1. In the set A:ALA37, A:ALA70, A:ALA32, A:ALA56, which member is open to solvent by 20 Å² or more (accessible area, probe 1.4 Å) and within 30 Å of A:ILE131 (Cα to Cα)?
2. So which pairs qualify, if the first residue must be in the stretch A:190-216 and facing chain B (nearest Cβ under 9 Å) and touching a residue at least 12 places away in the same chain (Cβ under 8 Å), the second must be part of a strand (DSSP E or B) and among the polar types (S, T, N, Q), the Cβ gap must be under 8 Å, and the two must be at least 6 apart or on different chains?
3. Kindly provide the set of residues from the stretch B:219-263 that are among the β-branched types (Val, Ile, Thr) and part of a loop (DSSP other than H, G, I, E, B), ordered by number.
4. Looking at this structure, is A:ARG94 within 14 Å of chain B (Cβ to nearest Cβ), touching a Lys or Arg at 6+ places or on another chain (Cβ under 9 Å), farther than 29 Å from B:ALA166 by Cα and crowded, with 24+ Cβ neighbours inside 10 Å?
5. Has the stretch B:281-291 got any residue that is touching a residue at least 24 places away in the same chain (Cβ under 8 Å) and not in a loop (DSSP other than H, G, I, E, B)?
6. Which of the numbered conditions does B:HIS649 fail, given that it passes all the others? Conditions: (1) at the interface with chain A (Cβ under 9 Å from one of its Cβ atoms); (2) within 36 Å of the chain's Cα centre (by Cα).
7. If you go through the stretch B:76-87 one residue at a time, do you hit one that is within 14 Å of chain A (Cβ to nearest Cβ) and modelled with pLDDT of 95 or more?
8. All but one of (1) assigned to a helix (DSSP H, G or I); (2) of a type in the set (Asp, Glu); (3) touching a residue at least 60 places away in the same chain (Cβ under 8 Å); (4) open to solvent by 10 Å² or more (accessible area, probe 1.4 Å) hold for A:GLU89; which doesn't?
Number of protein chains: 2
Amino acid sequence: MSDPVLDRLCIDAIRFLSVDAVEKAKSGHPGAPMGAAPMAYVLWDRFLRHNPAETAWPDRDRFVLSAGHASMLLYSLLHLTGYQLSLDEIKRFRQIGSRTPGHPEYGEIPGVEVTTGPLGQGFANGVGMAIAERMLAQRFNRPGHTIVDHRTFAIVSDGDLMEGVAAEAASLAGHLKLGKLIYLYDDNKVSIEGGTTLAFTEDVAARFRSYGWRVLGPLDGMDTAQVDAALREATSSEDRPTLIVCRTTIGYGAPTKAGLNVAHGEPLGAEEAKGAKKALGWEHPEFTVPPQAAAHMRLALQRGAAAMQDWNQRFHAYRAAFPAEAAQLRQAVHGELPPGWDVGLDSLFPPDKPLATREAGSQALNRIAAKVPALAGGSADLAPSTKTLIKDGGDISAGAFGGRNFHFGVREHAMGSICNGLARHGGVIPYAATFLIFSDYMRPPMRLAAMMRQRVIYVFTHDSIGVGEDGPTHQPVEQLMGLRSVPNMVVIRPADATETVEAWKLAVARRDGPTALVLSRQNLPVLDRSIYPTASSVKHGAYILWEASPDPDLIIIATGSEVSIALDAAKQLQAQGVAARVVSMPSWELFDAQPADYRERVLPSRIRARVSIEAGAKVGWERYIGLDGGAIGLSTFGTSAPAKDVYEHLGITASHLVQQAQAVLHRLQRAKVS
Amino acid sequence: MSDPVLDRLCIDAIRFLSVDAVEKAKSGHPGAPMGAAPMAYVLWDRFLRHNPAETAWPDRDRFVLSAGHASMLLYSLLHLTGYQLSLDEIKRFRQIGSRTPGHPEYGEIPGVEVTTGPLGQGFANGVGMAIAERMLAQRFNRPGHTIVDHRTFAIVSDGDLMEGVAAEAASLAGHLKLGKLIYLYDDNKVSIEGGTTLAFTEDVAARFRSYGWRVLGPLDGMDTAQVDAALREATSSEDRPTLIVCRTTIGYGAPTKAGLNVAHGEPLGAEEAKGAKKALGWEHPEFTVPPQAAAHMRLALQRGAAAMQDWNQRFHAYRAAFPAEAAQLRQAVHGELPPGWDVGLDSLFPPDKPLATREAGSQALNRIAAKVPALAGGSADLAPSTKTLIKDGGDISAGAFGGRNFHFGVREHAMGSICNGLARHGGVIPYAATFLIFSDYMRPPMRLAAMMRQRVIYVFTHDSIGVGEDGPTHQPVEQLMGLRSVPNMVVIRPADATETVEAWKLAVARRDGPTALVLSRQNLPVLDRSIYPTASSVKHGAYILWEASPDPDLIIIATGSEVSIALDAAKQLQAQGVAARVVSMPSWELFDAQPADYRERVLPSRIRARVSIEAGAKVGWERYIGLDGGAIGLSTFGTSAPAKDVYEHLGITASHLVQQAQAVLHRLQRAKVS
């Protein structure tokens, strides 16, 4: 039985903690917390199954604040329900080193499931979480033993719903009939430029119905009874995802700003804040939590403890009945890999015949997938080309989440964001595949994966002008450099099948961030590892593959499909009396992370005659070739023709490399003489 | 009165030109042309108002093949209706230097309105074209003188409709009630991975109705009568955009591949092609166009000539009645700028008080907009922050296209793609504004703008960690480098208000590609141009701003907000006895385009002691600082705190710069000694 007075006290406590924090920070978004506090309160008080004292409980409900700018709403809830977030931290909102940054950041604050802020991302992350839950449920639950069974809730804003990524994810969520996915739409009719009538007049409810969602409302999102009833209905059947349209007033209570865009993104100001408190009958000093509100909200700790105790008992029984499964669940949830998962991969590829690295990647993926059951993923409708199907892995589809192959549709952006949700949920090691060129469609989630340090594996095939006939719209140029410049992203562009295996191993083993595997469409010679050093050096990012002399005149640095061109050129140079060293550099990031002496050994400072070759943008290669070197690569878009012709046309050839090398040597010689 | 036999002959001519070209190229997409030929034929034969002999006729209908992989469909139509595309070119499909690249490329082929291939883009481009038409109509038509009055048609695929960018654009098209926008949806139920049931089971018709579109069908898209009737209905009223759902069979006629994904992206093979010809009763040698089909299709030339003659007469009358408007229309359509449009901008900003470059940009934009009526744009719901409103410019909204301010909603991706459509239509010089971080949401259309050499201006504010409290999700790091690596993109990050004016002038004047203006949120000192050289040097990309000596020991290269930090540091170094030169480098691309001697003057090869400073990713700066220099910048994400604290925390400070400079000098000194 709810107590309306107490409810209101709690809701206002959320509101004014938010308002006070924004005022103190002199920066932030007070409007959304003021309008959305009632729905958030009802959800957290009556529906969300969580344990503030144990944030890693695997069967907790997930909550995503997709409208991340309303961060103070979440921080207020976390503080009030007993998470490790003190009032002092709330007072340090948006200050250096605080646990209360401007937007919720995963890793900073216990209880924040996912970093949000860029709109639409949280929406799609939640879809990933809901899929992960179903996958683990199907994999681990047994008759009479339901140990994976939780919901994913989110609060989403009109901004989220305008973003294409949310549209893509919503269509997929409907397709997959994710019945445990429940989103509250904070429909406040206000966007930054003014009313949503300026740009957003579609029938949102009808749109979501067209995706196969249940749509409830519109209801008064500030009426707890109405929100309660809708959440009750949403949780009562699980045949499809639910959107609850909640009409709210942004900046509710603010005397002159309520309902207006000016309440969105800046402090109310002292007067207006005072007016809001007066209007809502809030007579406490700043940052006050009335004891009754505190006591009531902290009941979440008791409920959480009880729920977890219940789950622990059930898990105990499960473990007794299914010890192997219980151990596997533990392993999956902790993101651990089974012992020996990477054994026997090294000798996959004898140098018999050329192989595209996408094909080698396919074999590596399949070998690893056979040992690592958590590995699952798919492509944005390109699996036959990206070669990323797990054979006999089964498809993921509505009602059938035991499979391991996703069909994301032509939805790269949602694919990336859903993978973030899968990774953040845990229990799944996701990979996302598409052509390298279409990585452009999914940059925002890749950045967030890097920021959240999530193990998401990107498989980007068709990695250069080697795409050939499909032409410039499909030939990546600047994408490699674009990926390399993302902090904490590891990009690996293997030279051949043997390096591809190592790249896959590194990607799966890496636990603190995403890895992009950049693979060729075209066949490449397989380097004979009885002649060349072991491919395990991929982990060092770059290594000496071949040299005409231990004291070479020149260093050629190459990646991916251009490594074999570099070898050709080096041997031609040798015939011309120039001793070249060929460095295979599959990964800048891994190389840059090596100790200085290793880097110095591979690229000695004294050797300034350096030429890079990569069938991508030249810009940036000065990092390794300096001001004196030469770069073979592109500064224009590609062209449509058979791959060989395109390489020739754009000068990505051994003869051009030889010529460039001679020019560099000549220039340096001249400089020395003069 | 249509002749079914003749129609069928023409349709099959389209089909088998496509099939033959793909077979000959041994690469391409035969399936879509075979299924979509009937709808394309009906559209081009009976509805599309165009003149194959005069592709620049401004009042032509626009046709977009959003499903760009079906390029042979379009090339067949172009060839058959009399565009300058010979049969020999068709035979050179996908070969080097041909006018028939794998995907339609603007600029290569007369009649290709826009480069397509990356899915969803063409859909959104069409929306931009339809908006441009309405804008010009409202600006130039006069009672009794309707000189702008054309439609935008497209063929779109399921892949297009899955992409979020199309969803965003569709919502906006419905919002704006673009009644002259008519899309044929080639609903063949097949995607690359298999049937669309794998991933795409939403109710497309209901979704488009929710956006405010008229949806016709589903109908048999291979029945010319049904397509004809639907197009008739679509063109009969103009109250909202129309989607015609046309069920088709991919690879129609192919004996074993029809209706299957294997018909999509590879040649049918000789046997299958033969079988298809047999099945459809096509008994001609390869690359044959039956004379009756040729004669009929080439009637487009007559119709086009007549339509243009009619229009020319009307334009003549218009010009007589409204000479000034006619001259302006001509100017707008040709993308010319009125004489004196850039006069008087130089002295806008005295060095009185600090000013954010976004604010200076706002003033520059408004001054230019007052003289350049074609300049129009808006932001993805951030105008109050990006400061990109044209004052008194009026809003663009349904039925009111006389305004100049777009409200794109929180739809960065569609904004970018719509701007491409506006630019490609002509008559509008579009700008698109958002925070720099959200440029990540619109990378695909930016790339296409660069590839198509279109004048699109991006206004990216909040350009660094200077964003402050909003934290890492909102603080760009890698975005600058990401933009710089796009071929033919000019990126300008001005140091202050005076450089901002120059940057805006360059962006508006540039006719052969897009320009990204990268502007600060925070106030920056305005450089006193009575002390420092003129800001007009921005056009050289980089220039010597200040130096302690004409023969300096060290060069500091800075951009944007870090230029004033560099000046501080240089003066501190002077006090320490180090003569530094400060180079302001607002644009890499413009600098790289200077003659070698200019570049050598600014960055003499002999001076290897160089330090760069930019509040963005460090990686890439080696281009100018080489292997011996030092970079002040970021290799991690930012943090949430007031901007000043973030700068301090991440070491983007004059004292760090001084320290780095001394370290570089020391290192070089040591290297020289040893």
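The values are calculated or read from the model by the stated rules, or taken from the named source; none is laboratory data. Note that this is a predicted model, so its numbers are computed, not measured. Virtual Cβ from ideal backbone geometry, glycine too; neighbours counted across all protein chains shown. Ligands, DNA and RNA are excluded from the accessible area calculation, which covers all protein heavy atoms including side chains. Shrake-Rupley method; radii C 1.70, N 1.55, O 1.52, S 1.80 Å.
1. On the way: A:ALA37 fails: open to solvent by 20 Å² or more (accessible area, probe 1.4 Å); A:ALA70 fails: open to solvent by 20 Å² or more (accessible area, probe 1.4 Å); A:ALA32 fails: open to solvent by 20 Å² or more (accessible area, probe 1.4 Å).
Being open to solvent by 20 Å² or more (accessible area, probe 1.4 Å) and within 30 Å of A:ILE131 (Cα to Cα) holds for just one of A:ALA37, A:ALA70, A:ALA32, A:ALA56, which is A:ALA56.
2. From residues that are facing chain B (nearest Cβ under 9 Å) and touching a residue at least 12 places away in the same chain (Cβ under 8 Å), the pairs are A:GLU193/B:SER379; A:ALA199/A:SER191; A:PHE200/A:SER191.
3. Filtering the stretch B:219-263 down to residues among the β-branched types (Val, Ile, Thr) leaves B:224, B:227, B:235, B:242, B:244-245, B:248-250, B:256, B:262.
Correct list: B:THR248, B:THR249, B:ILE250, B:THR256.
4. Details: within 14 Å of chain B (Cβ to nearest Cβ): yes; touching a Lys or Arg at 6+ places or on another chain (Cβ under 9 Å): yes; farther than 29 Å from B:ALA166 by Cα: yes; crowded, with 24+ Cβ neighbours inside 10 Å: yes.
So A:ARG94 fits the description; yes.
5. Looking for residues that are touching a residue at least 24 places away in the same chain (Cβ under 8 Å) and not in a loop (DSSP other than H, G, I, E, B), one finds none in the stretch B:281-291, hence no.
6. Answer for B:HIS649: the failing condition is (2).
7. Going through the stretch B:76-87, the residues within 14 Å of chain A (Cβ to nearest Cβ) turn out to be none.
Scanning the stretch B:76-87, I find no residue that is within 14 Å of chain A (Cβ to nearest Cβ) and modelled with pLDDT of 95 or more, so the answer is no.
8. (3)
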